[in-house]
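> Mind looking over this structure? Questions follow.
Each reported figure results from applying straightforward, stated rules to the coordinates on display, with no laboratory input. Bear in mind the structure is a predicted one, so any value in this text is a computation, not a measurement. Positions of Cβ are backbone-derived with ideal geometry, glycine not excepted, and every protein chain shown enters the neighbour counts.
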Amino acid sequence: MFSRREFASLPLAALPAAAFAKPDSRVRGVTIGLQSYSLRDRSLDALLAAMGEIGLSSCELWQGHLEPQGLSRQEIAKWRETVDLQEFEAVRKKFDAAGVELNAYNYSFREDFSEAEVARGFEMAKALGIRKLTASSNVTTARRIDRYAKKEKIWVGMHNHSRITPNEFATPQNFADAMRGMSEYIAVNLDIGHFLAAGFDPVEYLEKNHRRIVTLHIKDRKKNQGENVPFGQGDTPIKEVLRVLRDKRLSIPANIEYEYKGADAVAEVRKCYEYCRAALA
């Protein structure tokens, strides 16, 4: 048997097939997944090993798990524009081998992206075999992104934060402004913790706008721009959001995003998952 540390350090190709028990994190019809930024302290292989250990079977893959770290802005742009897309195809094979579904790739388009960087985001998604991107982006970039999204038929869920500025996604109006006049492929990646902290009701927004929401980020925050806290200790209506997914039979993945300060990321993600399971029991 491998110890936990030995298991996490090995590439997936080196592990026997029996080392992975295929996880299944669907609960009462609701897909509970993971935003892989939650385990940003470890490699891609260690991420997949941890997901198997916890029992999570769906993932929104954070670009930081694939992109080289510590590069300058110019260097990372060149990497994005020239990286061999077979590397992304190999990543998909790792997810398939681990029994983990890729529900989205988090590739955050920004205003300073070259046209090649924008186009490559959609090429990366196709190489990963997925039809959904999520992006911490700007309202004004939506029109530029829409041309590619419409052409490739890939949805881009705009991610919200809690800071309220004219060009950042935080409010229902920000989402409406970005989607006005755009194709159906400009959509929403709703972070329910940030939405609550900014002063808005994620349950109401989900019920009214679920057709334009591609993924959810599940976290707990205090209201009025309050801090991130362990699940159940804040004001975010996590249980109510999950029950809307269950009762309306919505196929939107609910991706746990661990951002509060805890002792061990895997242990904390496990607690978050158990909280979500209990909410749907």
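> Which of the residues spanning the range 142-160 are farther than 19 Å from Met124 by Cα and either touching a residue at least 60 places away in the same chain (Cβ under 8 Å) or out of contact with any strand residue (DSSP E or B) (no Cβ under 6 Å at 6 or more places or on another chain) (or both)?
Arg143
> May I pose another question? Spot the failing condition for Tyr275; the list is (1) of a type in the set (Ser, Thr, Tyr); (2) in a helix (DSSP H, G or I); (3) in contact with a strand residue (DSSP E or B) (Cβ under 6 Å, 6 or more places away or on another chain), and only one is missed.
For Tyr275, the exception is condition (3).
> Name the residue that is nearest to His159 (Cα to Cα), counting only residues in the range 252-272 that are outside any strand (DSSP E or B) and touching a strand residue (DSSP E or B) at 6+ places or on another chain (Cβ under 7 Å).
The extreme case among them is Glu257.
> Is it the case, given these coordinates, that Val266 is more than 21 Å from Met51 (Cα to Cα), surrounded by 15 or more Cβ atoms within 10 Å (Cβ to Cβ) and of a type in the set (A, V, I, L, M)?
Working: more than 21 Å from Met51 (Cα to Cα): no; surrounded by 15 or more Cβ atoms within 10 Å (Cβ to Cβ): yes; of a type in the set (A, V, I, L, M): yes.
No; evaluated as a whole, the condition is false for this residue.
> Identify all residues within the range 234-250 that are at negative phi and either in a loop (DSSP other than H, G, I, E, B) or polar (S, T, N, Q) (or both); write none if there are none. If you could, list the steps in order and put the result at the bottom.
Looking only at the range 234-250, we keep the residues that are at negative phi, and these are 234-248, 250.
Residues satisfying the conditions are Gly234, Asp235, Thr236, Pro237, Lys248, Leu250.
> Ok, one more. Name the residue that is surrounded by the most Cβ atoms within 10 Å (Cβ to Cβ), counting only residues in the range 210-243 that are farther than 15 Å from Asn160 by Cβ and among the polar types (S, T, N, Q).
Gln233
> Additional query: What's the total number of residues in the range 49-81 that are basic (Lys, Arg) and either in a strand (DSSP E or B) or under 19 Å from the mean Cα position of the chain (by Cα) (or both)?
0
> What residue, among those in the range 50-64 that are more than 10 Å from Ser36 (Cα to Cα) and aliphatic (A, V, I, L, M), is surrounded by the most Cβ atoms within 10 Å (Cβ to Cβ)?
Checked the range 50-64; the qualifying residue surrounded by the most Cβ atoms within 10 Å (Cβ to Cβ) is Leu56.
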